[in-house]
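Working notes, beginning with the structure itself.
The values are calculated or read from the model by the stated rules, or taken from the named source; none is laboratory data. The structure displayed is predicted, hence computed values, not measured ones. Cβ placement follows ideal geometry from the backbone for every residue including glycine, while neighbour counts extend to all protein chains displayed. Accessible surface is based on the protein model in full, side chains and every heavy atom, while ligands, DNA and RNA are left aside. Shrake-Rupley method; radii C 1.70, N 1.55, O 1.52, S 1.80 Å.
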Amino acid sequence: MNTKQVSLMICATLVAISAHSQWSPQGDKIKTQWAEQVNPQNVLPEYPRPLIERSQWSNLNGLWDYAVTERGAVEPAAFEGQILVPFAVESSLSGVMKEVGDKKELWYHREFTVPAAWKGKNVVLNFGAVDWKADVFVNDILIGSHKGGYTPFSFDVTPFLLGKAKHKLVVRVWDPTDRGFQPRGKQVNRPEGIWYTPVTGIWQTVWIEPVAVNHITAVKTVPDIDSKTLNITVSTSLCHSTDIIEARLTDKGKTLAAAKGVAGYGLRLAIENPTLWDVQNPYLYDLQITVSSAGKTIDEVKSYAAFRKISTKRGDDGLVRLQLNNKDLFQYGPLDQGWWPDGLYTAPTDEALLFDIKKTKEWGFNMIRKHVKVEPARWYYHCDREGMLVWQDMPSGDLGNHWAPHQYNGGTDKDRTQESRDNYYAEWKEIMDLCISNPSVVVWVPFNEGWGQFDTEKTVEWTKIYDPSRLVNPASGGNHRRCGDIFDLHNYPNPNMYLFDAERVNVLGEYGGIGLAKESHLWWDKRNWGYVQFKNEDEVTAEYVKYAKELKDLVKRGYSAAVYTQTTDVEGEVNGLMTYDRKLIKIKEAEVRKANQDVIQQLTSK
């Protein structure tokens, strides 16, 4: 190693030490084991969008400047300190751990450079998610805004780069939490019980990448296993371009099928005897998408696809059942809220993000209900690879829990403004677009327990039309309406069937909530809550197995799926199968796995 190389290594080490000295997790709350692995110089380094993956990109995660100002103020002349992106400002891992509220705005600032190798290319700036309203400035120019706390958005920043070596990036965020109409899930300004800490600002990866003027912006894949075809629709930045799109499906490097067309028109690929994706064998095919102009490739991305079908069928016993790939399958999994004591909405590392999914699989479940939250794209990618079915909730919001009697003529939330209604559909569409090509996602859940439920029939119809390839659970445990594919009851703590629908699939969308508070693993030392409370793992496991035996009988009576509350403790809730910090499993895993498999086998086709 020469003197220059040694000097460069010393400089890099000093920069890393300096970054660590400027940042540290805040507060005295419990943390996961992965919190110790967070390096401000290398935060969530994995490519954040596996379904549209480019080989060249630059990660903008890391330390940014931040400031909190009164709402409506101009960009501050000086910033207050540094924040670790992409952790929400209220989180420990942000290094800030401050509340913002609806009367103030959160500002971010950093500089970025464009690699010399990207010369001649356009540059796109990508945000995984920012909660809730984001205004983006590049070199002091307001280039665009986005409303929606759960979905990605992008801007082509090329016209604003001005030939400079370094470029100024500023993001202004406003998030009213529970003082606004926007979807927010479990976030409230005063956390207690089943309601949690606000999440404000950037909470997923930020990155830039080089693209052609006309480049791929979306890839939608819809399999049809009955016709052995895969339908692919590719969108590009120039909607009316005559550039040629080519989709090539490969398996272990061998091309199986290919098709060409123009953007926005569906391509159809067919292969003989495709290997089907299921929970036991989550088989994924590679997919390459290219854009060519005058015979020259100008953009290309890697993706993947799977052959699988989710449907319902009335059996010989007269009961409507869920099917995966035209076979009965009882879908059984935990309510998964996706919260972290150190990162709130954001897992500390990709390994942590995968951990909950793998544990769920080890416990013998085959499904996860993602509860009133949307995850980063990599979470769905992990579910695709692990063979985990997903029911995706729309995060609740607006006016809270408006109950009507539990009958078919239950009411709707008539007090929503038109702005609120329009925003609901806009955000729901973006959430569906995010997950529409993930084979793991099999059920859409527009509403939960009447929380902001409105226009149920219209919402379900819109959802079915926008994505006819999946099932719709209109309102999990909510105000029941005669629409959609699924009739969903909630009952705590034990499973029960107190209503039945002969025309739809019947499911138990929530039950359980067996609580066990474990000292040294609690978010706070008061108000810890569960539907029922026990003293040790033996008692929790015995109660869990008892409920599973009761559920087996209800499967015979007509249930086709069930959701147990819940994967982990979350803040004041202590009814998780493991603690909030993921350091302690609160059940005897082998016994729970056997109980779960016994339930699933009551219905699963051989």
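Descriptive notes on the structure:
- DSSP beta bridge pairing in the chain, given as percent antiparallel to the nearest 5: 75
- Around C483: net Lys/Arg minus Asp/Glu count, Cβ-Cβ under 13 Å: -2
- Relative contact order for segment 257-307: 28 percent, from Cα pairs under 8 Å spaced at least 6 residues apart, divided by residue count.
- Trypsin sites (Lys or Arg not before Pro) lying in DSSP loop within segment 370-401, provided at most 15 other Cβ fall within 10 Å: none
- Centre separation in Å (Cα based) which lies between segment 416-473 and segment 491-544: 27
- For T346, the residues 5 or more places off, or on other chains, whose built amide H falls under 5 Å of its own are A88, W340.
- Rounded to 0.05, the FRET efficiency of the T69 and N139 pair, given R0 = 25 Å and the Cβ-Cβ distance, is 0.75.
- Shape category assigned to segment 18-92 from the gyration tensor of Cα positions, a/c cut at 1.5: oblate
- Apolar share of the accessible surface for segment 264-364: 45 percent from carbon plus sulfur atoms, 1.4 Å probe.
- Value of relative contact order over the chain, rounded to a whole percent, pairs C-alpha under 8 Å and six or more apart: 13
- Segment 53-192 shape via C-alpha gyration tensor axes, a/c threshold 1.5: prolate
- Computed FRET value (nearest 0.05) for N273 with R593, which takes r as the C-beta separation and R₀ as 35 Å: 0.60
- Between segment 338-376 and segment 198-261, the alpha-carbon center distance in angstrom: 26
- Percent accessible area from carbon and sulfur atoms, segment 121-253, protein chains only, probe 1.4 Å: 54
- Rounded if a/c under 1.5, otherwise prolate or oblate - segment 546-606, Cα gyration tensor axes: prolate
- Column: log10 I(q)/I(0), Debye, Cα scatterers of segment 213-331, q = 0.14, 0.20 Å⁻¹: -0.64, -1.03
- Net charge, P210 excluded, C-beta distance under 13 Å - Lys, Arg +1, Asp, Glu -1: -1
- Dipole-positive endmost among N61, F454, H490 within the chain (Cβ charges, Cα centre): N61
- Accessible surface for segment 39-165, divided over its residues, is 41 Å² per residue with a 1.4 Å probe.
- Placing a label point 7 Å from the Cα of V213 along the Cα-to-Cβ direction, the residues of segment 221-257 with a backbone N closer than 19 Å are 236-245.
- Summed side-chain charge close to L51 - residues other than L51 whose Cβ falls under 13 Å, Lys, Arg +1, Asp, Glu -1: +2
- In loop segments of segment 497-579 as defined by DSSP, the GluC sites (Glu not before Pro) with at most 15 further C-beta atoms inside 10 Å of their C-beta are E503, E519.
- Subset of K104/K302; K186/K358; K370/K549; K220/K586; K220/K252; K31/K164 violating a 31 Å alpha-carbon distance limit: K104/K302; K220/K586; K31/K164
- Stretchable slack from D553 to Q533, in nm (0.36 nm times residue separation minus alpha-carbon distance): 4.7 nm
- Compactness of segment 405-562 - radius of gyration and Dmax, Cα, Å: 18.2, 52
- Among the GluC sites (Glu not before Pro) found in segment 202-303, those both in a DSSP coil and sparsely packed, with 15 or fewer other Cβ atoms within 10 Å of their Cβ, are E272.
- Of the solvent-accessible surface of segment 519-606, computed with a 1.4 Å probe and all protein chains present, 47% belongs to carbon and sulfur.
- Sorted largest first, the spans of the alpha carbon positions of the chain along the three principal axes are 72, 60, 57 Å.
- Estimated [θ] at 222 nm from DSSP helical runs (n ≥ 4, -39500 (n - 2.57)) normalised by residues in the chain, nearest 500: -5500 deg cm²/dmol
- Remark: the chain carries a charge dipole of roughly 1040 debye about the Cα centre, counting +1 on each Lys and Arg Cβ and -1 on each Asp and Glu Cβ.
- Across segment 307-322, rounded Karplus estimates of 3J(HN,Hα) from the backbone phi angles (6.51 cos²θ - 1.76 cosθ + 1.60, θ = phi - 60°) give 9, 7, 9, 10, 7, 10, 7, 7, x, 4, 7, x, 8, 7, 10, 6 Hz, Gly and Pro being marked x.
- Sequence-distant residues sharing a close amide H with V390 (under 5 Å, placed H): I368, V441, V442, V443
- When each full DSSP H helix of the chain is screened for a Cα extent of at least 27 Å along its own axis and an average Kyte-Doolittle hydropathy of at least 0.5, the helices passing are 3-22.
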